[in-house]
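S.K.: Dropping the structure in here first, questions after.
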Amino acid sequence: MNRKKLRGYREFLYVLPFIILVLIFAYYPLYGWVYAFYDYKPPAPLSKDLFVGFKWFHYMIDNDIKRKQLLQVLVNTFAISGLSMLFSWFPMMFAVFLNEIKCKPYKKFVQTVTTLPNFISWVLVYSIAFCIFNSTGVVNSLLTQWGVISKPIMFLQSSKHIWFKMWLWLTWKNAGWAAIMYIAAITGIDEELIDAAKVDGANRWKTIWHITIPSILPTYLVLLFLNMANFLSNGMEQFFVFQNSFNKDYIQVLDLYVYNLAMGNGGYSLSTAIGVLKSLISIVLLCTMNAISKLTRGEGFI
Amino acid sequence: MKFKKIVSLFAATALLVGTLAGCGGTAPADTGSSDAGTTAQTTDSGSSDAGSDTTAAASSSGAMEIEVYDAAANFQGLQTGWFDKVIKDRFNIDLNIIAPQVAGDAIYQTRTSSGNLGDIVLLDSVDFADCVKAGLIKDITADLPNYPNLNAYAEQISTYNAGLEGNNGEIYGIPTQMMNTSPTSYSQDVVYSSPLLRWDYYTELGMPDIKDLDGLVDVLAQMQEAHPTNDAGDPCYAVSLWPDWDGNDNMLGIANVVQLTTWYGEKIKDSAILKADGKTFTPITDKNATYYKMLHFLNTLYRRGLVDPDSGTQDWNAACAKMSAGQVNLFWYSWQTGFWNSQDRLNDGTAMIFIPVDDQTYYADADAYYGSGRVFGVGSGVDDEKYKTIMEFLDWYASPEGLEFQHAGIKDFTYTVGDDGKYTAINDNALMDNLPVPEEYGGAGYSDGNNQINEWIVNAASINPNTGETYQKDYWASWKAATLTQMKKDWAAKFGAAEPAEWMKKNGKLVISPNVPVALASDTADISVIRNQCNETLCDYSWKMIFVDDDATFDAMWDEMTETLDGMGFQDLYKFDCEKWQPQIDAKNAVK
């Protein structure tokens, strides 16, 4: 009993560093939530500020205009997240097809080229976009030269198809990176399965359809469910750099909205309140997805 | 067993939290526990910062590093180049500039909550008052009289500090850009905002009289028709706007539009517009006021194809490049001429100059006798040695020698001294073309090494006791003689005055608003959220309205905007702002 106890303590010490890490980086920041309940305004420290209870939570929805704005922000968030969810098979199919390329150097080349954009920051991506798409940029210059248009098209300034355009940029930047996971899964497929299928007379399409895809489907599902739980957080960098007065109505997602509120002119308390709500909803989403996963696959992922 | 495990887990957690609290000097939680605690902690972190900084700096140059929290700077990092050399020779200090305009306003929140904003602090007066209240600014009452150059402005300094809430005669802040003329005089030749056009294009059109904004639009349209591209073949436009300054300088709305309102004598004070009579306010959403009028003016320009289509998406650098390349036919900030008017261009008549529009009267702030609104202070966390160095530096910064470096540049590089002791400007393109400075100043580019603090204790239009002329070259007799080009002579002959401001005064077209030292109320948490949301809404709608194709859509959007603004709480904001600015208006009218 005593030795067992000692072992217990020792094993606890093994895990202690990780517990500490989690506490510091995951739980300690939650302390910041108290800002949502104060009229916080720098430079006065929190102790000198007024405790206001749920005022900021009410503030979000206390008239039609604000409700409409918040709703629009949610619609944008859901639309953009939904779009990437809808096309979440894209990296998987990309990986599958990439795997079918027989010429090794070419395969490596494609993979490298598609992975690289992941390491470019969004700010640089926007600079590139501005150079290509401004009124005197490459695209407009070429179109004018060819006589297709007489007046430059303001690509960055229109809010048309902005959700789709954002998805395109995201895919351009992320597809290669996201495919890595699937490529790893594909490498893990038992060669014998494929050989057996070939012996049975399956062609390439059939091997893909009956072996490759079913084998990586579990990976896909786990990633999909995790993404669903993250439905409300589609990051802000991308939308921050691409936002302007003309497309803001449709590009402002929840994270960006919080940023614009807080960093614009110090609405820290209000944006913390929105952040709190977001976290709570995300937890609910995660649990729901877990439950669905249990129902459909027979196992949860948390 | 299980229970014990949980207990030990809790024990570990408690231990951890204790450790955290013990070392958490920078955590916001610990900073404000009590006043005494804050001050003690501030001093601690301040000196330890200073210690580490000094050691870091010592390894490279042995200089003391001074952190400057600088609301005016467009540059972040260590001051380099010739200005660094100048101050290092005198004080052996390095200036480490922290610029919210570069790093984002969030840095203000993080630094204030850590209790140490900077060693030298330069803030807008409202923020400054907040920081004094929060104990972030050092009381310099006792030491100010020891510094003659600063003490020369004792009246202005004490007037400013007396306006701080709950102040009993202590001195915390030193206002910027002070002058020694009077609060109602106007010493400059040009006003901050007025229509500026290319003189050669204007004469080409036969120097037409411009009656009103429509006339201006016509003139600009004719100019663009005659000169669709610049010499390099890039397209020209009447205006090229940029969105990154929106909502600055105590004004809601597009930064480019809010300045235009001064063409009709009206001045935007946050969400309110001060009418030309200098007494009444009207909301910025008033359709009969100038914000609407000037926005409509830009929209008219757009409909005539005169607005740079990239206006809404480009940043200041892109807009600036277009100005320097001669792609923009209408300037409206007086400083914009700095990106185009060179001595050569003044000589061959292609420079930009003020052309009056008949129905306009121009608003101008009088000489900044009591300062321009920003304030210098010393951080409360500095130690004695550093404090002494900072005060010596600030005193030098306000001294004739320091001001010559700030406003006139380097002797024998940007100006020469004549036998009569008067100065003559040379290399006047030094800033524009980033000319290399003499070896003794390090040899790097002049613009790169320019003073990055970007704010001055004494105004450039003040009189330099060494010469009896202003610090800035534009008013030197030698400069006036050199710039009396054919273009200037033609301009004077046409309008019957030597300088734009003189013409305005002569014709009663100048509304001078006296300079008064009034401390303004700072936003409550509610108002600050409303202000931010209203500003964003106003700017977004305004940008869209510049790019619409007909009046009906324009008005429909304006109405929609007004409705949205009201939903955001605009009426509360307007009420707050009227009350906020009323004391200043009262003081101004009392001076008149």
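Read-outs throughout are calculated quantities, based only on the coordinates presented, and are distinct from any laboratory measurement. None of these values were measured; they are calculated from a predicted model. Cβ coordinates were reconstructed from backbone atoms using ideal geometry, including for glycine residues, and neighbour counts include every protein chain displayed.
S.K.: Return one number: the angle in degrees, 0 to 90 and rounded to the nearest 10, between the long axis of the Cα atoms of helix B:486-495 and the longest principal axis of the Cα atoms of chain B.
M.R.: 80 degrees
S.K.: What ratio of Cα Rg to 2.2 N^0.38 Å holds for the range B:439-511?
M.R.: 1.51
S.K.: Where a ≥ b ≥ c are the square roots of the eigenvalues of the C-alpha gyration tensor, would you call the range A:73-297 rounded, which needs a/c under 1.5, or, failing that, prolate if a/b is larger than b/c, or oblate?
M.R.: Judged from the Cα gyration tensor, the range A:73-297 comes out oblate (a/c at least 1.5, b/c at or above a/b).
S.K.: Something else now. Report ³J(HN,Hα) in whole Hz for each residue of the range B:231-243, in order, from the Karplus equation J = 6.51 cos²θ - 1.76 cosθ + 1.60 where θ = phi - 60°; Gly and Pro get x.
M.R.: For the range B:231-243, the Karplus-derived couplings read 4, 7, x, 7, x, 9, 9, 5, 9, 10, 9, 8, x Hz, x marking Gly and Pro.
S.K.: May I ask you to derive the FRET efficiency for A:W33 and B:D105 from their Cβ-Cβ distance with R0 = 35 Å, giving the value to the nearest 0.05?
M.R.: 0.95
S.K.: Follow-up question, since we're still on this one. Which listed residue (B:Q472, B:S513, B:I66) has the Cα farthest towards the positive end of the charge dipole for chain B, taking +1 on Lys and Arg C-beta and -1 on Asp and Glu C-beta about the Cα centre?
M.R.: Projecting each Cα onto the dipole axis, the largest value belongs to B:S513.
S.K.: Summing +1 for each Lys or Arg and -1 for each Asp or Glu, what net charge is found among the other residues whose Cβ lies under 12 Å from the Cβ of B:I546?
M.R.: With Lys, Arg at +1 and Asp, Glu at -1, the neighbours total -1.
S.K.: For B:R374, enumerate residues with amide H under 5 Å from its amide H, sequence gap 5+ or separate chain, H modeled in the peptide plane.
M.R.: Residues meeting the criterion, in which the H sits 1.01 Å from N, are B:T176.
S.K.: Which value in nm describes the separation of the simple spin-label points at A:W177 and A:F90, placed 7 Å from the Cα toward the beta carbon?
M.R.: Inter-label distance under the simple model: 1.5 nm.
S.K.: Shifting gears a bit: Summarise the partner chain shielding of B:304-313 as one whole number: the mean count of Cβ atoms from other chains within 10 Å of each residue's Cβ.
M.R.: Mean partner shielding for this stretch: 5.
S.K.: Placing +1 at every Lys and Arg Cβ and -1 at every Asp and Glu Cβ, with all other atoms neutral, what dipole size does the range A:73-297 have around its Cα centre, in debye to the nearest 20?
M.R.: About 340 debye.
S.K.: Give me a comma-separated list of calculated 3J(HN,Hα) values for the range B:145-156, in order, Karplus coefficients 6.51, -1.76, 1.60 applied at θ = phi - 60°, integers in Hz, x for any Gly or Pro.
M.R.: x, 6, 10, x, 6, 6, 5, 4, 10, 3, 4, 5
S.K.: For the Cα atoms of chain B, what angle does the longest principal axis make with the long axis of helix B:525-546, in degrees from 0 to 90, nearest 10?
M.R.: Helix B:525-546 and the main axis of chain B meet at about 30 degrees.
S.K.: Is the C-alpha gyration tensor of the range B:62-191 telling us rounded, prolate or oblate? Criteria: a/c under 1.5 is rounded; beyond that, a/b larger than b/c is prolate, otherwise oblate.
M.R.: rounded
S.K.: Along each of the three principal axes of the Cα atoms of chain B, give the extent in whole Å, ordering the values from largest to smallest.
M.R.: For chain B, the Cα extents along the three principal axes come out at 93, 66, 51 Å.
S.K.: Quickly rank B:146-156, A:104-114 as a protection proxy: mean count of other C-beta atoms within 10 Å, highest first.
M.R.: B:146-156, A:104-114
S.K.: On to the next question. What number in nm² do you get for the range B:444-592 if you take the convex hull of its Cα atoms and divide its surface by four?
M.R.: Mean orientational projected area (the range B:444-592, Cα hull): 16.2 nm².
S.K.: Over the range A:73-297, what is the relative contact order in whole percent, taking alpha-carbon pairs under 8 Å and six or more residues apart?
M.R.: Once divided by the residue count of the range A:73-297, the mean separation gives 30 percent.
S.K.: Sticking with the crude label model, points 7 Å out along Cα→Cβ, report the distance from A:N227 to A:F12 in nm, one decimal please.
M.R.: 4.2 nm
S.K.: Assuming R0 = 22 Å, can you tell me the calculated FRET efficiency for the pair A:T187 and A:L116, based on Cβ-Cβ distance, to the nearest 0.05?
M.R.: 0.55
S.K.: Can you list the HN-Hα couplings for the range B:109-116, worked out from phi with the Karplus curve (6.51, -1.76, 1.60; θ = phi - 60°), rounded to whole Hz and with x for Gly and Pro?
M.R.: 5, 5, 6, 5, 6, 7, x, 9
S.K.: What is the sum of charges, Lys and Arg at +1 and Asp and Glu at -1, for the other residues whose Cβ falls under 13 Å from the Cβ of B:K267?
M.R.: Cβ neighbours under 13 Å give a net charge of -2.
S.K.: Moving to a separate point now. Ranked highest first by the average count of other Cβ atoms within 10 Å around their residues, in what order do B:417-429, B:76-88, B:264-276, B:555-567 fall?
M.R.: Order by mean packing, descending: B:264-276, B:76-88, B:555-567, B:417-429.
S.K.: Determine, for each peptide in A:152-158, B:352-358, B:306-312, the mean count of other beta carbons within 10 angstrom over its residues, then list the peptides with the highest first.
M.R.: Per-residue Cβ counts within 10 Å, averaged per peptide and sorted highest first, yield B:306-312, B:352-358, A:152-158.
S.K.: Now for a separate question. Using amide H atoms built 1.01 Å from N in the peptide plane, name the residues 5+ places from B:S185, or on other chains, whose amide H lies under 5 Å from its own.
M.R.: Under 5 Å from the amide H of B:S185 lie the amide H atoms of B:D367, each far enough along the sequence or on another chain.
S.K.: Need the full-extension length gain, A:R297 to A:D62, defined as separation in residues times 0.36 nm minus the C-alpha distance. One decimal, nm.
M.R.: Here the segment from A:R297 to A:D62 would lengthen by 80.4 nm.
S.K.: How much length is gained on full extension from B:T229 to B:L431, taking 0.36 nm per residue of separation minus their Cα-Cα distance?
M.R.: Once the chain is fully extended between B:T229 and B:L431, it gains 70.1 nm.
S.K.: Per Stokes-Einstein, at 37 °C and 0.692 mPa s, what whole-number D in µm² s⁻¹ belongs to the protein assembly as shown, with the Kirkwood radius over Cα pairs as the hydrodynamic radius?
M.R.: Approximately 105 µm²/s, per Stokes-Einstein.
S.K.: Would you mind calculating the gained length between A:N203 and A:F25 on full extension (0.36 nm times residue separation, minus the Cα-Cα distance), in nm to one decimal?
M.R.: 59.0 nm
S.K.: Using only DSSP helix segments of four residues or longer, with each worth -39500 (n - 2.57), what per-residue ellipticity at 222 nm results for the protein assembly as shown after dividing by its residue count and rounding to 500?
M.R.: Result for the protein assembly as shown: -16000 deg cm²/dmol, rounded to the nearest 500.
S.K.: Nearest 0.05, what FRET efficiency do B:D551 and B:A162 give at R0 = 51 Å with Cβ-Cβ as r?
M.R.: That gives a FRET efficiency of 0.50.
S.K.: Shifting gears a bit: Amide H of B:S513 versus every other amide H placed in the peptide plane: which residues, excluding those fewer than 5 positions away on the same chain, fall under 5 Å?
M.R.: Amide H neighbours of B:S513, under 5 Å, 5+ apart: B:A364, B:D365, B:A366.
S.K.: Going by C-beta contacts inside 10 Å, put A:D64, B:D189 in order with the fewest on the left.
M.R.: Final ranking by Cβ density, sparse to dense: A:D64, B:D189.
S.K.: Still on this structure: State, to one decimal in nm, how far the label point of B:L78 lies from the label point of A:I101, with both points 7 Å from Cα in the Cβ direction.
M.R.: Between B:L78 and A:I101, the simple spin-label model gives 4.6 nm.
S.K.: Helix B:290-303 versus the longest principal axis of chain B: what angle, 0 to 90°, nearest 10, using Cα atoms?
M.R.: In chain B, helix B:290-303 runs at an angle near 60 degrees to the longest axis.
S.K.: DSSP beta bridges in the protein assembly as shown, what fraction antiparallel, as a percent rounded to 5?
M.R.: Here the antiparallel bridges make up roughly 60 percent for the protein assembly as shown.
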